[in-house]
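Okay, structure first, notes after.
The values are calculated or read from the model by the stated rules, or taken from the named source; none is laboratory data. All values derive from a computational prediction rather than experimental measurement. Counting neighbours? That spans all protein chains shown, and the Cβs are built from the backbone with ideal geometry, glycine included. Calculation scope for accessible area: heavy atoms of the full protein, side chains included, ligands and nucleic acids excluded. Shrake-Rupley method; radii C 1.70, N 1.55, O 1.52, S 1.80 Å.
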Amino acid sequence: MSNATQPTAKPDERVKEISAFRNALIRPELGGIVGTVAVFTFFLLFAFDSGMFNSQGIMNWSVVSAQFMIIAVGACLLMIAGEFDLSVGSMIGFAGMMIAIFSVTYGWPVWAAIIVTFVLCTAIGALNGWIVIRTGLPSFIVTLAFLFILRGFTIFLPQVIERKTIIGGILDVAEGDWLAPVFGGTIFKGLFVWLGEAGLIATFERGTKQGQPVVDGIPMLIIWAIALIIFGHVLLTKTKFGNWIFAAGGDAEAARNSGVPVNRVKILMFMFTAFCATVFAVCQVMEFGSAGADRGLLKEFEAIIAVVIGGALLTGGYGSVLGAALGALIFGVVQQGLFFAGVESSLFRVFLGVILLGAVILNTYIRRIITGER
Amino acid sequence: MTGNSKFHHGDPKGAVQPIIEMKNIEKHFGRVIALAGVSFDVKPGECHCLLGDNGAGKSTFIKTMSGVHQPTAGEIFFEGKPMHFDDPRDAISAGIATVHQHLAMIPLMSVSRNFFMGNEPTRKVAGISFFDKKRADEVTMEEMRKMGINLRGPDQAVGTLSGGERQTVAIARAVHFGAKILILDEPTSALGVRQTSNVLATIDRVRKQGIGVVFISHNVRHALAVGDRFTVLNRGQTLGTAARGEISPEELQDLMAGGQELAQLEGSLGGTV
C-alpha cells in the first residue's frame, strides 16, 4: 500500500506558485495600510493650508485617533477570539461616572477611585464573558443587554446621588494625586519647550504664556494608546496565548479538542476589552474634569468599525492589532480632517458607511485567497 | 456469534503485550444500551480496524477508549495495568490520540500554528515566555516532509490544504506529541480516491514506527488495504476479530450489515455493493 504514493512528495503541479505581490496582499493590515496612505494623501492635497499639519493640528487628530486606538485594541483581540462587546460605549460612560461618584461625591482619594473602578469594570467584563460562555448565547445579545444596563445605571446613579447627570470638579480633587497624572498628564514637556525655542513648532506670541509652545507635551492618552497597541500586538503574534486567541476564534470546538482553554481565553479577552474602555474613560475624565451620563455613546460601533477596517474578520480567528490601530488612525484623521477642510461634518457618517462596506468586501476577498475557497 | 470458525476473540498466539486492552465494555445511556460487551485490543505497530455500520456503536466505543465516556461496566488495561480515564486529558496524557472526523484544525491559521495548537513551544526572553515561532516552523516543515507533504512554507494556511493533507497534518501532529495509540475516526469517509490512498499510506508509515492504530471505517476496501486485524461491531456487540488473510471482503461486508438483508440487496444489485 505504501507504494501507492511517492514517499517523497514533489511540488503539486496543480498548485500555482503564488507571486510575491499576491503574497503581500494576504496580510490583515493591507486594508489599513492602503486606507492610511489614501487618507493622508487626500488631506495633504486638499487641507494642507488649513492648519491640519502644524503642531496643534497634528496633536488634535492624534489625540482623537489615540482614543479610537485604545478601544480598538480591546475590541480587536476580542473579535479575533470570536466574540463582540457592544457594551464598550456604555462601559466608558459608566467607568467615568463611577470615578466621579467615588472621588467627588464620596470624597475618596482619586487613586483609590481609579483602582476600584478598574476592578469593578473588568469584573463586569468577566461577567459578560461568563454569561456568554455559560449560556452559549451570541455575545452580540449578551453585551447588547449590558449596553442598556450600564447606560441605565450611568444615568440613574448620579441623579439619585447628586440630582444631576454631569458631575464636575474632578480636577480639583485630583490635585496632587499620584495616579491621576498617569492618565491625564502630559510628558516630554522639556522637549516641546526646546522645539518651541528652536522655532520648529508654534509658540504663543503674546499673553502670559508668551514664548511657550502651543502644544506643551505628549498627552498620556497617546502613550496609553501606543503601549496598548504594542502589548496587544506582541501578545497576539509572539506568545502562546496569542495562538490560543486565534484558535478560540477560528473554531472553538477544534481548539478545545487540541487542549486550548477556550473559555478562559474568551473571558480574559472580555476583561481586557473592559480594561481598555476604562482606560479611555479615565483619560477622558481627567481631560474634561467631569463625568457625564452620555459619554461614550456609539463608541462600541466605532471600535468595531476601526477593527474591521484593520482587516479582522467579523467571524473571528483572523485579524491584526496593527491593522486595528491603522483603522483607528484613519477614523481619527478623517473625522478631524473634514473639520479642518471645512466639510459639513454630517458627511463623516457617509464616509464611515462607505469605508466600512469597502473594508468588509476587501476582507472577504482576502479570506478567500487565504483559505483557497471559492 | 456467527459460528464462523475464522472468528475468535483476541489472538491465540498473542505473544506481544497489547498497549490497550478493553474487556467486555458496556455503556448504557439511560435505557439505551449502546455497548453490550465489547472486547478490543491494540498492539504496538498494528493497524486494528473497527468496522460497523452506522449506529453500530463505533463512536461510543472509541469515545470510551479516548476518555470522553466512562464505561458502565467492563475493564480497561493500559500497558498491562488497570486504567480508568476520567476525561479526555487523562487519555491524551497516557498517549491515546484521537483524530476526529470533525478535524481539530483551523483553516484560517497557518500549518505551523495549527500543528502546535495547545502545545506551543516557548522561549524565554527577559523572563517573559514567547511563542518560539522559528522552532515551530522548523519542526512542522520537517514532520510534513516525513509524511510526504511539501508545504509552500510553514505560514501556509490549513485552509489551502486538501482534505487528505489535513488528515495527514492531524496524524503527524498526534505522532509528534508522543501518541502510543492513534484513533482515526472515519479518516477516509469524505475523501477522494487519491487522497484516500495518501491517508492509507500515512497510516502505514505511522504503524511502522511502532504506534498502534485504531482505524474506524464502514468501508471494507479501505480497511482491508491497511488493516492487520478486523473487528466488527453490530448493535453494540463485537461479532469477533479476524486477522488479515483469514477473511474475505464479502464476509466482512455481510457481518457489518448483519448478514441477511444485504445478501438480498446484493443479489438485486448484482454484487456491486
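In chain A, carbon and sulfur make up what percent of the accessible area (probe 1.4 Å)?
That share works out to 66 percent.
Taking amide hydrogens as modeled 1.01 Å from N in the peptide plane, which residues meet the under 5 Å criterion relative to B:Met109, leaving out close sequence neighbours?
So B:Met109 has HN proximity to B:Val158, B:Gly159.
Could you derive backbone 3J(HN,Hα) for the stretch B:219-225 from the dihedral phi with the Karplus parameters 6.51, -1.76 and 1.60 (θ = phi - 60°), listing whole Hz in sequence and x where the residue is Gly or Pro?
9, 5, 4, 4, 5, 5, 5
Residue by residue through the stretch A:97-110, what is 3J(HN,Hα) from phi via Karplus (6.51 cos²θ - 1.76 cosθ + 1.60, θ = phi - 60°)? Round to whole Hz and write x for glycine and proline.
Values per residue, Gly and Pro as x: 5, 4, 4, 4, 5, 4, 7, 7, 6, 8, x, 5, x, 4 Hz.
To the nearest 0.05, what FRET efficiency results for B:Arg235 and B:Val16 with a Förster distance of 30 Å applied to their C-beta separation?
0.45
So how far, in whole Å, is the C-alpha centre of the stretch A:83-122 from the one of the stretch B:169-245?
Here the two parts' Cα centres lie 58 Å apart.
For A:233-240, what's the mean count of beta carbons from other chains sitting within 10 Å of each residue's beta carbon?
Taking all residues of A:233-240 together, the mean is 4.
Once fully extended, how much extra length lies between B:Glu138 and B:Asn54, figured as 0.36 nm per residue of separation less the alpha-carbon to alpha-carbon distance?
26.2 nm is the gain from fully extending B:Glu138 to B:Asn54.
Checking the a/c ratio against 1.5 first, then a/b against b/c, what shape does the Cα gyration tensor give for chain A?
Here chain A falls in the oblate category.
If packing is taken as the average count of other Cβ atoms within 10 Å, what order do B:150-163, B:194-207 fall into, highest mean first?
Result, highest mean Cβ count within 10 Å first: B:194-207, B:150-163.
Could you tally up the Lys pairs in chain B with alpha carbons closer than 21 Å? Skip any pair fewer than 8 positions apart unless they're on separate chains.
Total qualifying Lys-Lys pairs in chain B comes to 29.
Could you compute the net charge surrounding A:Gly185? Neighbours are other residues with a C-beta less than 13 Å from the C-beta of A:Gly185; K and R count +1, D and E count -1.
Summing Lys and Arg as +1 and Asp and Glu as -1 gives -3.
For B:Thr98, enumerate residues with amide H under 5 Å from its amide H, sequence gap 5+ or separate chain, H modeled in the peptide plane.
It is B:Ile183, by chain and number.
For the stretch A:159-221, which trypsin sites (Lys or Arg not before Pro) pass both filters: DSSP loop (anything but H, G, I, E, B) and at most 13 other C-beta atoms within 10 Å?
Filter output for the stretch A:159-221: A:Arg163, A:Lys164, A:Arg206, A:Lys209.
Where in the stretch A:328-344 does the label zone of A:Leu298 land, with the point 7 angstrom along Cα→C-beta and an amide N cut-off under 16 Å?
Once the point is set 7 Å along Cα→Cβ of A:Leu298, A:331-339, A:344 turn out to lie under 16 Å by backbone N, inside the stretch A:328-344.
Between chains B and A, what is the buried accessible area in Å², counting both sides, with a 1.4 Å probe and ligands, DNA and RNA left out, to the nearest 100?
2900
Show the residues, 5+ positions off or on another chain, whose built amide H is closer than 5 Å to the amide H of B:Leu239.
B:Val232, B:Leu233, B:Asn234
Carbon and sulfur atoms: what percent of the 1.4 Å accessible area of the stretch B:110-179 do they account for?
Carbon with sulfur: 47 percent of the solvent-accessible area.
Need one value for B:20-31: mean number of C-beta atoms belonging to other chains within 10 Å of its residues' C-beta atoms.
0
Placing unit charges on C-beta atoms (Lys and Arg positive, Asp and Glu negative, everything else neutral), compute the dipole magnitude of the stretch B:110-179 about its Cα centre in debye, rounded to 20.
About 100 debye.
Please list 3J(HN,Hα) in residue order for the stretch A:117-129, calculated via the Karplus relation 6.51 cos²θ - 1.76 cosθ + 1.60 where θ = phi - 60°; whole Hz, with x for glycine and proline.
Ordered by residue, 3J(HN,Hα) equals 5, 4, 4, 4, 6, 5, 5, 5, x, 4, 4, 3, x Hz.
Keeping all protein chains in place, calculate the accessible area per residue for chain A (probe 1.4 angstrom), answer in Å².
46
So if each residue of separation counts as 0.36 nm, and I subtract the Cα-Cα distance between B:Arg145 and B:Arg244, what length gain in nm does that give?
This chain segment gains 32.6 nm when fully extended.
How about the stretch B:45-113: which GluC sites (Glu not before Pro) there are in a DSSP loop, with at most 14 other Cβ atoms within 10 Å of their Cβ?
In loop regions of the stretch B:45-113 (DSSP not H, G, I, E or B), the sparsely surrounded GluC sites (Glu not before Pro) are B:Glu79.
May I ask for the net charge around A:Gly311, where only other residues with Cβ less than 13 Å from the Cβ of A:Gly311 are counted and Lys, Arg are +1 while Asp, Glu are -1?
+1
Over the stretch B:110-179, average the accessible area per residue using a 1.4 Å probe and give it in Å², no decimals.
Normalised by residue count, the accessible surface of the stretch B:110-179 is 40 Å².
Between A:Trp178 and A:Thr41, with labels modelled 7 Å along Cα→Cβ, what's the label distance in nm to one decimal, could you check?
Taking the two extended label points, one gets 5.1 nm.
Could you tell me which residue out of B:Gly95, A:Gly289, A:Pro138 lies farthest along the dipole of the protein assembly as shown toward its positive end? Charges go on the beta carbon: Lys and Arg +1, Asp and Glu -1, centred on the Cα centre.
Of the listed residues, the answer is B:Gly95.
Across peptide A:250-262, what mean number of C-beta atoms from other chains lies inside 10 Å of a residue's C-beta?
Average neighbour count from other chains, rounded to a whole number: 6.
In the stretch A:202-299, which GluC sites (Glu not before Pro) are in a loop and have at most 14 other Cβ atoms within 10 Å, using DSSP for the loop call?
Filter output for the stretch A:202-299: A:Glu205.
In deg cm²/dmol and to the nearest 500, what is the mean residue ellipticity at 222 nm of chain A if only DSSP H runs of at least 4 residues count, each as -39500 (n - 2.57), divided by the residue total?
One gets -22000 deg cm²/dmol as the mean residue ellipticity at 222 nm.
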